[in-house]
Every structure is written in structure tokens, then in C-alpha cells.
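The values are calculated or read from the model by the stated rules, or taken from the named source; none is laboratory data. Every value quoted in this text rests on a predicted model; they were computed, and no experiment measured them. Ideal geometry is used to build each Cβ from the backbone, glycine not excepted, and the neighbour counts take in all protein chains shown.
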Amino acid sequence: MPQYEITLEQKFAGQQIINRWNYISGEIPAGQLGALLALVGMGFTPFTDIEPFGPSTFAGIIQPIQAVAVNWVQAVAKNIFDPTDYYAYPFPAGTTSTNGGSEAESPVIAVGFATNRTRSDVRRGQKRFAGLVEGQVGDVGALTSGAVTAWQALGDSMADINLVPVAGSSVSFTPYVFGRKRTVALDGSVTYPYWPTEAEQLAHAMLITAWTVKPQVRTQGTRQYGRGA
């Protein structure tokens with residue numbers, strides 16, 4: 001069961017915006033690259049007769065609700081246990097989100113999401129997306145009802161099992177939260193890498209069945225002006 005990490009890199013107001021997801025796929029047909037198919041499932045890349053930004057995909061849902069000032073840089077997928085199963089897709093120059101209905105908020109302001117929990121030993125997944133516009137934010141930082149509806153559609157897409165048609169069949173990509181292994185170095189620093197084997201990582205993977213939007217805006221200190229990511 002191949003296990004993937006997908007990374008979306010965007011740029012907004014000079015700040016790098018990074019978001020990542022984990023998926024476990026079904027069997028990858030011979031001659032196909034699973035990492036490429038993983039990106040197709042999220043709507044990031046073209047594939048045979050499939051166009052990117054399809055209306056029911058993650059990319060197709062976020063593009064029209066995110067501020068037009070958000071630039072799309074690249075999407076990268078990798079099988080975390082097979083370095084040859086890797087695909088990076090730079091978006092064509094000029095690819096942006098398309099919501100120009102009102103002025104964009106600061107890159108520090110974000111809309112937040114959390115997953116449900118389907119096991120007790122793995123924490124909820126969390127996401128924060130920059131690129132809100134003023135028309136989506138109401139009194140004291142609450143999202144407007146229209147914004148909640150629009151962004152929750154994005155959450156629903158992140159909880160979907162992505163099916164990519166290939167050679168008369170389809171390959172599934174199921175969303176998970178991958179628990180990490182707490183590792184303490186000799187100097188006392190703590191890191192959280194993936195588990196060292198596919199079997200161990202699978203034993204620490206939590207199935208996602210829901211992503212729920214948070215009704216108030218979040219902040220993201222690392223996206224402060226001059227901070228970078």
C-alpha cells in the first residue's frame with residue numbers, strides 16, 4: 001500500500017505558503033507513476049484527457065475562493081518509502097487563485113481546518129490556508145456564512161477518496177493523518193520524522209473521514225511579513 005506525501009507551494013504577498021497532505025493508495029498499475037496520479041487526484045496536474053483544476057477537486061474548489069493575489073508555484077508528490085516514485089509539477093507562469101471580489105487579507109490571516117479522529121493515539125490533522133479576502137470575514141474575525149459554506153466544500157474535498165481513472169480502471173487515494181516518530185538527538189533536540197518502515201508507518205496512520213472548517217479566522221506567525229513560510 002504505497003504511502004504518499006503531497007506538498008502544495010504557493011506565494012502570497014512575498015510569503016511562501018506550504019501545505020501538505022498524506023494519502024495511501026490502492027495498487028498502482030504497471031507502467032504508471034503513483035506520485036503523478038496522486039497529484040492528478042487533487043486536481044493539480046493534467047493527465048491524458050483530465051484537465052487540472054477540475055470543479056470537484058481540491059485545486060478546483062480552492063482556486064475561486066482564494067484571493068487572486070495568491071500565486072501557485074508547484075505541487076510535489078513523493079512515495080515516502082520509494083525515492084523513485086516522485087513527481088514535481090511547476091504550475092504554468094501566471095497561475096493564480098481567482099477571487100478578486102474584495103481586497104485580500106494579510107498573509108498572517110488564515111482559514112483553519114481540523115480533521116475528525118478515528119483512533120486515540122494520533123492527533124487531529126490541522127490545516128491553515130492563507131488568501132482570505134475581506135468579504136469573507138465578518139465581525140471580530142468570524143467567517144461569513146457564505147465563506148463557511150465555500151470553505152467547508154474545500155474541507156469535504158480533502159476528506160474524499162480521490163479516484164483517478166487509469167487504463168479502464170481507477171486508482172484510489174485515501175486521506176490519512178500519518179503519526180510521526182518522536183526522536184530525541186544527543187543534543188536534546190526533538191524531531192518528528194516518518195516511521196522508518198512502511199509497515200510501522202501504516203500502523204501509525206489515522207483514516208480521515210472529515211475536515212471541518214473553523215468558524216473564526218486563524219493566525220499563522222510563520223507567514224508574517226519577512227518570515228518566509
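For residue 20, work out the one condition from (1) in contact with a strand residue (DSSP E or B) (Cβ under 7 Å, 6 or more places away or on another chain); (2) closer than 22 Å to residue 160 by Cα; (3) in contact (Cβ under 8 Å) with a residue 24 or more places away in the chain it doesn't fulfil.
Just one mismatch for residue 20, condition (3).
For residues that are in a loop (DSSP other than H, G, I, E, B) and modelled with pLDDT of 95 or more, scanning just the stretch 103-118, find the one that is surrounded by the most Cβ atoms within 10 Å (Cβ to Cβ).
Restricting to residues being in a loop (DSSP other than H, G, I, E, B) and modelled with pLDDT of 95 or more, the top hit is 117.
Quick one: how many residues across the stretch 19-29 are among the aliphatic types (A, V, I, L, M) and at pLDDT 95 or above?
So the answer is 1.
So residue 85 fits all but one of (1) over 19 Å from residue 174 (Cα atoms); (2) acidic (Asp, Glu); (3) crowded, with 17+ Cβ neighbours inside 10 Å; what number is the exception?
Among (1) over 19 Å from residue 174 (Cα atoms); (2) acidic (Asp, Glu); (3) crowded, with 17+ Cβ neighbours inside 10 Å, the lone unmet condition for residue 85 is (1).
Taking the stretch 30-53, which residues are part of a loop (DSSP other than H, G, I, E, B), of a type in the set (Val, Ile, Thr) and either at pLDDT 90 or above or within 25 Å of residue 153 (Cα to Cα) (or both)?
45
Return yes when residue 9 is charged (D, E, K, R) and within 12 Å of the chain's Cα centre (by Cα) and no when it is not.
Here the answer is yes, as residue 9 does meet what is asked.
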